[in-house]
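*Asks:* This is the structure I want to talk about, given as structure tokens.
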Amino acid sequence: MFLLSCGTDIYGSKQNIRLEFPSSPTMTELINAVESQYDVMARATRPAGYPDVPFKVQTFQVYDDVLLRWVDLYSSSQLANGSQLFCFQPESIWHSDAQGIIPDAKESVTWTTPTGSARRARVATDAGVAPALSEKLRSVFYDVDGSNKGYVVFSDLRAAFAKAEIEFTHATVGDLFNSVCGFSVHF
């Protein structure tokens, strides 16, 4: 097992994660792992009104235990098991790196894209923008409409509650169904 800690700034907050590799990673594997980990974190913590910008690595520095200072990382041969890295992103009006204390590394699940594999492209649904209420309702409706009839029947509603492990009596499900339908159906 080869462990590395990698810090960065995300929206003005220092982050640090522990990455685990089966052996010393190549620079490409390291970049893929860091971008994958921090892109998810950046999208999850993106402040309102900020654009969805994929997390990109511009440069790395590694703390050199012999020189007792940070040095630019040019090659994976500079890495030692347990090294502390810092990842710098390209400067933008939405992001800037600032000096500060790097927190202790948090455990994370490290995933890498095998060398030579195509990188996953972002699609519009990855934009980190919350869906509109109508999209949420449509999604729930399609989940509840079990056989794609275009409408929901009593058995669909019962099945949806059972799937969500919500235990209602037959009568309660009937009352809910009737309140949504606007008319009375007796079961």
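A short reminder: the numbers here are calculations on the coordinates, not readings from a lab. This is a predicted model, so every value here is computed, not measured.
*Asks:* Among all the lysines, which ones have a C-alpha under 28 Å from Lys136's C-alpha, if same-chain residues fewer than 8 places away are not counted?
*Replies:* Reachable lysines: Lys149, Lys163.
*Asks:* So, one more: For Lys106, give me every one of the lysines with a C-alpha distance below 30 angstrom, ignoring sequence neighbours fewer than eight places off in its own chain.
*Replies:* List returned: Lys14, Lys56.
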